[in-house]
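In what follows, a single structure is set out as structure tokens and then discussed.
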Amino acid sequence: MNRRPALLAAAALITAAALTLSACGGGDGGSKDSEKIAGADSGTQRDGSPSPKASEDGIDRPEIKLPKDVKNVFEGGKTGDPKKDAVLADNERWLDALIEATVVESGDHPALKFYGTGDALLSAADYIQGFRKKNASFIGTIRYYDRQVTFLKDGVAAVSYCQDGTKTYPKDLKTGKVDRSIPESEADYGFYNTRVRKNAEGVWQTESVTYVKEATKKCM
């Protein structure tokens, strides 16, 4: 492997059919968007997803547990609007569930199906399988910032954010070797625009994602 994994590119495609796997098992693709977005959010930073007990929000949520050497860091978790905060919280859980399913080998990942649906879930499954086929994984920290929520209609919202994968490193599962020699590049940054829908249980499920790789104009 001579580059970092394209961490969420496969899940970021609107349809699974458009999936293309990268050298490290991830995928690339998506549409371009020239809208200017500011740099990294200077707001609060939180590691991992919030996991309230069922008694706190009335929802019985599956547990998500990332390995010690893999971390998701989310910036700007509180907007002051409880509705937007709820959307962002479930978006975080979706991302944690996706990374957990990618780096933790298990027969079942209930959180992935709990927070994802439709095309997002199908392409995520292909993305994960791409790593499995190549006996590949990764370690390190993924940073998410400039996160925005826009409510549409009929229980649907859009969530956009930037992703910084410069602190992630590909891992060969056969040898256990981690390649830390890869230099940073524009390919380590991505911009995402996701569509989420509130289901009958009150969960904001991710149903589709569009992706712009090498999004330095948006995210650097």
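Nearest 20 debye, what's the magnitude of the dipole of the range 165-220 about its Cα centre given +1 on Lys and Arg Cβ and -1 on Asp and Glu Cβ? In debye, rounded to 20, the range 165-220 gives about 80.
For the pair T141 and K167, the difference between a 0.36 nm per residue extended length and the Cα-Cα distance amounts to 8.8 nm. Each of I59 and E184 was given a label point 7 Å from its Cα along the Cα-to-Cβ line. The distance between the two points is 3.4 nm. Taking amide hydrogens as placed 1.01 Å from N in the peptide plane, the amide H of K78 sits under 5 Å from those of T44, each at least 5 positions away in sequence or on another chain. Shown in residue order for the range 163-172 are the 3J(HN,Hα) couplings computed by the Karplus curve 6.51 cos²θ - 1.76 cosθ + 1.60 at θ = phi - 60°: 10, 10, x, 5, 9, 10, 9, x, 10, 8 Hz (x for Gly and Pro). Within the range 111-220, the ratio Rg/Rh, alpha carbon atoms throughout and Rh by Kirkwood, equals 1.02. Net charge in the neighbourhood of D172 (other residues with Cβ under 12 Å of its Cβ; Lys, Arg +1, Asp, Glu -1) is +3.
Per the Debye formula with a single identical scatterer at each Cα and no solvent contribution, what log10 I(q)/I(0) holds for the range 66-159 at q = 0.19 Å⁻¹? For the range 66-159, the Cα-only Debye profile gives -0.99. Computed from phi, the 3J(HN,Hα) profile of the range 144-154 under the Karplus parametrisation 6.51, -1.76, 1.60 (θ = phi - 60°) reads 10, 8, 6, 8, 10, 10, 10, 7, 9, 8, 6 Hz, with x in place of Gly and Pro. Under 17 Å Cα-Cα from K153, which lysines qualify once same-chain neighbours fewer than 8 residues away are excluded? Correct list for K153: K83, K84, K198. The gain in end-to-end length when the D154 to K174 segment is fully stretched comes to 2.5 nm, 0.36 nm per residue minus the alpha carbon separation. For a straight C-alpha distance cut-off of 21 angstrom, the lysines reachable from K174 (same-chain residues fewer than eight places away being disregarded) are K68, K133, K134. Residue by residue, the range 209-217 carries 3J(HN,Hα) couplings of 9, 10, 9, 10, 7, 6, 8, 5, 5 Hz when phi is fed to the Karplus relation 6.51 cos²θ - 1.76 cosθ + 1.60 (θ = phi - 60°); x denotes Gly or Pro.
On the beta carbon distance between K68 and R132, with R0 = 22 Å, the FRET formula returns roughly 0.55.
Distant-in-sequence amide contacts of A136, defined by a placed amide H-H separation under 5 Å and a gap of 5 or more residues or a different chain, comprise L173.
Every read-out reported here was derived from the displayed coordinates using simple, explicitly stated rules and does not represent laboratory data. Source: prediction; values computed, not measured. Quick reminder, even Gly has a Cβ in these numbers, built from the backbone with ideal geometry, and neighbours come from all protein chains shown.
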